1. Of all residues in the stretch 276-298, how many are over 16 Å from residue 131 (Cβ atoms) and either part of a loop (DSSP other than H, G, I, E, B) or touching a strand residue (DSSP E or B) at 6+ places or on another chain (Cβ under 7 Å) (or both)?
2. So for the stretch 41-48 (the condition being within 26 Å of residue 241 (Cβ to Cβ), surrounded by 20 or more Cβ atoms within 10 Å (Cβ to Cβ) and under 21 Å from the mean Cα position of the chain (by Cα)), does at least one residue qualify?
3. Give me the pairs: first residue in the stretch 206-229 and touching a residue at least 12 places away in the same chain (Cβ under 8 Å), second residue assigned to a loop (DSSP other than H, G, I, E, B), beta-carbon distance under 6 Å, and six or more apart or on different chains, which are they?
4. Out of the residues in the stretch 108-122 that are over 12 Å from residue 33 (Cβ atoms) and in contact with a helix residue (DSSP H, G or I) (Cβ under 6 Å, 6 or more places away or on another chain), state the one that is surrounded by the fewest Cβ atoms within 10 Å (Cβ to Cβ).
5. Given (1) in contact (Cβ under 8 Å) with a residue 24 or more places away in the chain; (2) exposed (fewer than 13 other Cβ atoms within 10 Å of the Cβ), identify the lone condition not met by residue 28.
6. For the stretch 114-149, how many residues are more than 20 Å from residue 232 (Cβ to Cβ) and in a helix (DSSP H, G or I)?
7. When you look at residue 30, is it within 26 Å of residue 228 (Cα to Cα) and either in contact with a strand residue (DSSP E or B) (Cβ under 7 Å, 6 or more places away or on another chain) or part of a loop (DSSP other than H, G, I, E, B) (or both), yes or no?
8. Testing residue 148 on (1) surrounded by fewer than 23 Cβ atoms within 10 Å (Cβ to Cβ); (2) touching a helix residue (DSSP H, G or I) at 6+ places or on another chain (Cβ under 9 Å); (3) without any contact (Cβ under 8 Å) to a residue 60 or more places away in the chain, one condition comes back false. Which one is that?
């Protein structure tokens, strides 16, 4: 099992390939009427404009902090440069997760609305596919980034560092993800609430227009805010939580490296959380194929069925992963 680390990035790549497949499928669905297309285009353009403006500022912040990280650990076995590099990679992957989520959300929203006009199951399929792209992008990028960095630092660059130093360097990845998540979530959330309040004040209070009415131009800004705060911001936030929990568990596992119970595979406890996350990508992909709902049925039951199937497969994989690692 010493070669396990070489397979983990592959599972992350498989997850990304599946998201591209799902994105392509969503793009092929009908948008609806010309009015639906026009309004959705305004929302998509506004959301992407906000995201581009936000990322320009965050790029400056990431560059400044990476310089500080580079000079901070100048006496720590020359690993400071790699901490800064991990920080940049983590920030980039976190921003990419938010970007991919924004791209699919602005496309899936209007297509779900159009599909709901004719079929419950079709609307569920479109909506769930959009959510699957967001979720799988987060976990796939997280597994891909962490496994590649661990592979590079432990087996190529830092062969003499020791596991403690390797994990300390990789923690910069989580720091970068947290930095982007902080600004994306807070910045997007502030814009969301400001747009929502503005739309209500101008529409309902001043003009007497009902909430979310298409005659109120501020409704466009309100929907843009929902996307940048609840999609891009949430995507970056989930990415940060995901990689942070994995790295924390890997650090705990490092304390068991020297125990003889692990046999020849000393890094079993360190790679176990990363391996479980990678296997979770495959089980999640399998579960997506079981999301189907009949007309008039409860969509939640279809979601529960897919979740139970994925969880059942994951339990089996968990038992095997314990055997492999121990």
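The values are calculated or read from the model by the stated rules, or taken from the named source; none is laboratory data. Nothing here was measured: the structure is a model prediction, and the numbers come from that model. A quick note on method: Cβ atoms are made from the backbone with ideal geometry, for glycine too, and the neighbour counts reach across all protein chains shown.
1. 5
2. Step one: list which residues in the stretch 41-48 are within 26 Å of residue 241 (Cβ to Cβ), which gives 47-48.
Among the residues that remain, those that are also surrounded by 20 or more Cβ atoms within 10 Å (Cβ to Cβ) are: 47.
Subsequent filtering for residues that are under 21 Å from the mean Cα position of the chain (by Cα) retains 47.
The answer is yes, given that some residue of the stretch 41-48 is within 26 Å of residue 241 (Cβ to Cβ), surrounded by 20 or more Cβ atoms within 10 Å (Cβ to Cβ) and under 21 Å from the mean Cα position of the chain (by Cα).
3. Listed by first residue and then by second, the contacts come to 216/209; 219/212.
4. Start the filter on the stretch 108-122 by keeping residues that are over 12 Å from residue 33 (Cβ atoms), which leaves 108-109, 111-112, 115-116, 118-122.
When the remaining residues are screened for being in contact with a helix residue (DSSP H, G or I) (Cβ under 6 Å, 6 or more places away or on another chain), the result is 108, 111-112, 115-116, 122.
Working: 108: 25, 111: 24, 112: 20, 115: 21, 116: 14, 122: 19.
My answer is 116.
5. Condition (1) is where residue 28 drops out.
6. First, the residues of the stretch 114-149 that are more than 20 Å from residue 232 (Cβ to Cβ): 114-125, 143, 146-149.
From what's left, in a helix (DSSP H, G or I): 114-116, 120-125, 143, 146-149.
Matching residues across the stretch 114-149 total 14.
7. On the way: within 26 Å of residue 228 (Cα to Cα): yes; either in contact with a strand residue (DSSP E or B) (Cβ under 7 Å, 6 or more places away or on another chain) or part of a loop (DSSP other than H, G, I, E, B) (or both): yes.
Judged against the criteria, residue 30 is a match.
8. (3)
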